[in-house]
Amino acid sequence: MKWNDFIFSKKPSHRVARHLGFWLVYCIYFWIQSWAPRKFDEFFIKETYFYAFLNLACFAPVFISTVYFFIYFLLPKTLERKKYLLFVAGFLIVYVIGTLINYFMAGIFLTHVHYSTPVEANFRRKIEFGNYNTRWGMIIATIALGIKLSKNWYQQQKENLEILKRKTKSEMQLQKARIHPELLFRSLNSIKVSIQSESSQAGSLILSFSDLLSYSLYENDKRLVLLEKEISALQHLIFLEQVNKENPIEIQMQTNGEINKQHIAPMLIVKLLEESIDLLRNQPDYYQVHLQISVESSNFNLNISFIDLDKETETDINWSSLLVNSKTRLNEYYSDDHFQIKLDKIKNKAIIKLNLRLTENHEEINEMPTINLISAYDAK
């Protein structure tokens, strides 16, 4: 049994083991502190340890019942509902009832204790014993209540974090899968124009559009896809954009290296190019975008070059948003030491550079998204 299961698991077997362990430790402690030899020689007689056990047997019912009354009644009925006065009232009532019960248990205990000097079981002695052992019961019940509250708080924080992680992952997957509406409208318009003009490209446009949508919807929930699938979707995107007659952007792509064995997170490059096109489309001039992809062993390098940018356009484009969104998607699957993304600016030119360590092992990818929105933007 793992420690985490022993402490937090709600399985009956784990809960029984947890409670038995708690009471075993406390009862051993209570038994030891009940040793009461009146002289050194009494450490070596069995009565010393028998009377300590008798003390435990007499007073254990109160402190055990007090603990469970605290954590299973007072906690949910008063503290969790913020009824603090009712909790104080319950606390005092338990203390009075516990003292009353232990008063009679003290009479039983004192009657059977026979050390070298007899102990008189009078009213004062019984009250002292009953009150003392009831206080111990209240102390251990309060400690157990604190443990229960701490465990509930920790579990609630853990559940909140898991909910946040799942929510973040779902939002990231939706964002990653979502193709920009303007791209859809442009593509559908291009298909419509091609069909109406009886162009030979109509069939190819429909297939490219269908494949891109299928890839974004059905491959998106996978942790990794073959790099060649990602590049194929990228080619479909470029083809759909290039066919659009109103497109002021010319896109070229060059690929070098082996792409049919390595794996990559789905929609990573596609979304980067799509968002880049969306930024440039709001600019009035004609631009060129060159993609250079190279794969060497497990190293993936992507350069997206934006050529012939004037100073006004270079200033207007929100590069930081583009890089932050890309880094957020990368952090969903890769740790920070597995990738690097940055922006280089040269005269009339901007280059987004992505270096990524590819993998052939799915387990090397993070299971949950990293909640990290630190900007990756460092303009030069």
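Given the conditions (1) more than 22 Å from ALA60 (Cβ to Cβ); (2) among the aromatic types (Phe, Trp, Tyr); (3) open to solvent by 60 Å² or more (accessible area, probe 1.4 Å); (4) modelled with pLDDT of 90 or more, which single one is not true for PHE87?
(3)
One line per residue, one yes/no per condition, for (1) open to solvent by 90 Å² or more (accessible area, probe 1.4 Å); (2) of a type in the set (S, T, N, Q); (3) in a helix (DSSP H, G or I):
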position	(1), (2), (3)
PHE104	yes, no, yes
THR134	no, yes, yes
LYS151	no, no, yes
GLN155	no, yes, yes
GLU159	yes, no, yes
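Condition first: over 19 Å from LEU212 (Cβ atoms) and in contact with a strand residue (DSSP E or B) (Cβ under 9 Å, 6 or more places away or on another chain). Now tell me which residues in the range 225-268 satisfy that.
PRO248, GLU250, GLN254, ASN256, GLY257, GLU258, ASN260, LYS261, GLN262, HIS263
Report yes if GLU162 is at pLDDT 80 or above and within 37 Å of the chain's Cα centre (by Cα), otherwise no.
Yes; evaluated as a whole, the condition is true for this residue.
Does VAL62 count as within 49 Å of the chain's Cα centre (by Cα) and without any contact (Cβ under 8 Å) to a residue 60 or more places away in the chain?
No: the conditions fail for VAL62.
Need the failing condition index for MET138 against (1) in a helix (DSSP H, G or I); (2) closer than 30 Å to ASP41 by Cα; (3) open to solvent by less than 50 Å² (accessible area, probe 1.4 Å); (4) not aromatic (Phe, Trp, Tyr), just the number.
So the condition that MET138 fails would be (2).
Given the conditions (1) without any contact (Cβ under 8 Å) to a residue 12 or more places away in the chain; (2) open to solvent by less than 80 Å² (accessible area, probe 1.4 Å); (3) more than 47 Å from the chain's Cα centre (by Cα), report the number of the one that PHE109 does not fulfil.
It fails just one condition, (1).
If THR78 passes every condition in (1) open to solvent by 70 Å² or more (accessible area, probe 1.4 Å); (2) without any contact (Cβ under 8 Å) to a residue 40 or more places away in the chain; (3) closer than 30 Å to TYR154 by Cα but one, which one does it miss?
(1)
Pairs only if they're at least six apart or on different chains, beta carbon under 7 angstrom, first in the range 42-53 and in a helix (DSSP H, G or I), second open to solvent by less than 100 Å² (accessible area, probe 1.4 Å) and small (Gly, Ala, Ser); list them, first residue then second.
Note: pairs meeting the criteria are ALA52/SER34.
Given the structure, is SER34 open to solvent by less than 80 Å² (accessible area, probe 1.4 Å) and either under 22 Å from PHE129 (Cβ atoms) or among the hydrophobic types (A, V, I, L, M, F, W, C) (or both)?
It is true that SER34 is open to solvent by less than 80 Å² (accessible area, probe 1.4 Å) and either under 22 Å from PHE129 (Cβ atoms) or among the hydrophobic types (A, V, I, L, M, F, W, C) (or both).
Inspect all residues belonging to the range 208-222 and state whether any of them is open to solvent by 70 Å² or more (accessible area, probe 1.4 Å) and either of a type in the set (Phe, Trp, Tyr) or over 42 Å from the mean Cα position of the chain (by Cα) (or both).
Within the range 208-222, one or more residues are open to solvent by 70 Å² or more (accessible area, probe 1.4 Å) and either of a type in the set (Phe, Trp, Tyr) or over 42 Å from the mean Cα position of the chain (by Cα) (or both).
Evaluate the range 60-68: report whether one residue or more is open to solvent by less than 60 Å² (accessible area, probe 1.4 Å), β-branched (Val, Ile, Thr) and under 21 Å from GLU47 (Cβ atoms).
Checked the range 60-68: no residue is open to solvent by less than 60 Å² (accessible area, probe 1.4 Å), β-branched (Val, Ile, Thr) and under 21 Å from GLU47 (Cβ atoms).
Quick check, is GLU198 open to solvent by 70 Å² or more (accessible area, probe 1.4 Å), at pLDDT below 80 and in a loop (DSSP other than H, G, I, E, B)?
yes
Output the qualifying pairs, or none if there are none: Cβ atoms under 8 angstrom, residues six or more apart or on different chains, first residue in the range 214-243 and without any contact (Cβ under 8 Å) to a residue 12 or more places away in the chain and under 23 Å from LEU279 (Cα atoms), second residue crowded, with 20+ Cβ neighbours inside 10 Å and not basic (Lys, Arg).
GLN242/ILE251
A quick yes/no check of all residues on (1) open to solvent by less than 60 Å² (accessible area, probe 1.4 Å); (2) not in a helix (DSSP H, G or I):
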| position | (1), (2) |
| --- | --- |
| ILE206 | no, no |
| GLU230 | yes, no |
| ALA233 | yes, no |
| GLN242 | no, no |
| THR255 | yes, yes |
| ILE259 | yes, yes |
| PRO266 | yes, yes |
| VAL270 | yes, no |
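Checking the condition more than 14 Å from SER276 (Cβ to Cβ), in contact with a strand residue (DSSP E or B) (Cβ under 6 Å, 6 or more places away or on another chain), open to solvent by 60 Å² or more (accessible area, probe 1.4 Å) and not aromatic (Phe, Trp, Tyr), which residue from LYS342, LYS353 passes?
LYS342
Given ILE97, ILE93, which one is closer than 16 Å to ASN131 by Cα, surrounded by 14 or more Cβ atoms within 10 Å (Cβ to Cβ) and not aromatic (Phe, Trp, Tyr)?
After applying the criteria, what remains is ILE97.
For the range 165-190, give me each residue that is open to solvent by 80 Å² or more (accessible area, probe 1.4 Å), of a type in the set (A, V, I, L, M, F, W, C) and modelled with pLDDT under 65.
LEU174
Quick check on LEU212: is it part of a helix (DSSP H, G or I) and in contact with a His (Cβ under 7 Å, 6 or more places away or on another chain)?
yes
The values are calculated or read from the model by the stated rules, or taken from the named source; none is laboratory data. The structure displayed is predicted, hence computed values, not measured ones. Because the Cβ atoms are built from the backbone with ideal geometry, glycine has one as well, and the counts that use them run over all protein chains shown. We work out accessible area using only protein heavy atoms, side chains counted, and drop any ligands, DNA or RNA first. Shrake-Rupley method; radii C 1.70, N 1.55, O 1.52, S 1.80 Å.
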